[in-house]
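Report on the following structure.
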Amino acid sequence: MATMNHEVPEWETPSSPPKKNIFRKPVAKSQQQPLQTSKEDKELEAGLEMGTSTAAPGFAERVIPRPVKAWLAGNRKRKIIVSAVAGLVLLVFILGLGLGLGLKHKSQENSGSLSTSSSAQDLPLPTNTGIFTGDLTYYSPGPGYGACGYENTSTDAICAISHIVWDAASTSSNPNLNPLCGKKIRITRYDPTRGGNSSVDVEVVDRCVGCQADDLDLSLSMFTSLAEEDQGRVVGSWAWLT
């Protein structure tokens with residue numbers, strides 16, 4: 001009986017593994033080229049190994065010297081002490097700044113008070129017993145009432161005091177209550193045409209807006225007792241009568 005040989009198709013034939021080339025030199029692992037790693041990957045890897053992020057250091061990390069950071073590292077008690085000391089220093093600085101500003105403000109207030117007091121002493125107020133020299137002019141009072149609430153005429157022995165002195169002595173918004181109202185003043189002037197001094201006593205009844213501190217504005221009758229009417233403005237001396 002003839003023997004039947006079963007032929008396997010070529011596509012079903014198992015392929016044999018490639019033969020090793022005896023002329024190929026194996027490459028050692030140490031000589032293999034490592035994979036290229038970017039700078040960012042290295043930083044990220046370092047951050048993961050250290051358990052920290054790769055964010056830029058903060059202000060405190062840049063300012064605090066390394067020896068101090070090393071001394072504070074891992075010691076919570078030291079950190080608390082340093083924080084407390086820093087807070088205390090800041091508090092002292094704030095208190096010192098506030099105290100300095102307060103003293104400066106107080107000094108300015110005292111300076112202003114002294115300046116006001118000094119100015120009041122220099123003004124020709126009734127508390128000042130000196131003799132003052134200023135311009136003498138005249139005006140026509142009325143019709144109507146003056147600042148003191150009096151109704152006067154040009155023949156009355158009256159005068160208007162400077163608004164500077166009037167306002168310095170004022171104690172109320174009501175001008176009728178000004179302490180200068182009704183005060184007496186004696187005015188003296190040397191008249192060369194008469195060859196001697198002339199004096200008159202007048203009462204304060206009004207406020208003169210155009211007068212300087214030492215000036216007086218008189219009724220026409222009082223002015224002509226000291227000078228000629230056509231002179232209009234002359235210099236005279238005056239003082240408060242007690």
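Can you list residues whose amide H is under 5 Å from Ser225's amide H, if they're 5+ apart or on another chain and H is modeled 1.01 Å from N?
Counting only residues 5 or more places away or on other chains, the set is empty.
Taking H as built 1.01 Å from N, whose amide H comes closer than 5 Å to the amide H of Val234, not counting residues under 5 places away?
Leu136
Leaving ligands, DNA and RNA out of it, rank Tyr190, Tyr150, Tyr145 by accessible area with a 1.4 Å probe, largest first. Present the calculation step by step, with values, prior to reporting the outcome.
On the way: Tyr190 130, Tyr150 85, Tyr145 165 Å².
The ranking, largest first, comes out as Tyr145, Tyr190, Tyr150.
What residues have an amide H closer than 5 Å to that of Cys208, excluding those fewer than 5 places away on the same chain, when H is modeled at 1.01 Å from N in the peptide plane?
Ile161, Ser162, His163
From the phi angles alone, apply the Karplus equation (6.51, -1.76, 1.60; θ = phi - 60°) to the stretch 201-209 and give each ³J(HN,Hα) in whole Hz, x where the residue is Gly or Pro.
Karplus-based 3J(HN,Hα) across the stretch 201-209 equals 10, 10, 10, 6, 10, 8, 10, 9, 6 Hz.
From the Cα gyration tensor of the stretch 115-242, with a ≥ b ≥ c the square roots of its eigenvalues, which class applies: rounded if a/c is under 1.5, or else prolate if a/b is larger than b/c, or else oblate? Write out the running numbers ahead of the final one.
On the way: a/c = 2.04, a/b = 1.27, b/c = 1.61.
Oblate.
Arg194 accessible area, nearest 10 Å², 1.4 Å probe?
For Arg194, the solvent-accessible surface is approximately 120 Å².
On a 1.4 Å probe surface of the protein chains, which of Asp206, Asp201, Asp191 comes out largest in accessible area, and what is the full order? Intermediate values should be presented prior to the final figure.
Values: Asp206 35, Asp201 70, Asp191 5 Å².
I get Asp201, Asp206, Asp191, largest accessible area first.
Pop a pseudo-label 7 angstrom from the Cα along the beta-carbon direction at both Ser221 and Leu91 and give the gap in nm to one decimal.
With each label placed 7 Å out from Cα toward Cβ, I get 7.8 nm.
For the pair Arg194 and Ala168, what calculated FRET efficiency results from E = 1/(1 + (r/R0)^6), where r is the Cβ-Cβ distance and R0 = 35 Å, to the nearest 0.05? Walk me through the numbers before you get to the answer.
On the way: r = 35 Å, r/R0 = 0.99.
In this case the efficiency is close to 0.50.
The values are calculated or read from the model by the stated rules, or taken from the named source; none is laboratory data. Computed from a predicted model, the values in this text were never measured in an experiment. In this analysis, Cβ positions are derived from the backbone assuming ideal geometry, glycine residues included, and neighbour counts consider all displayed protein chains. Ligands, DNA and RNA are excluded from the accessible area calculation, which covers all protein heavy atoms including side chains. Shrake-Rupley method; radii C 1.70, N 1.55, O 1.52, S 1.80 Å.
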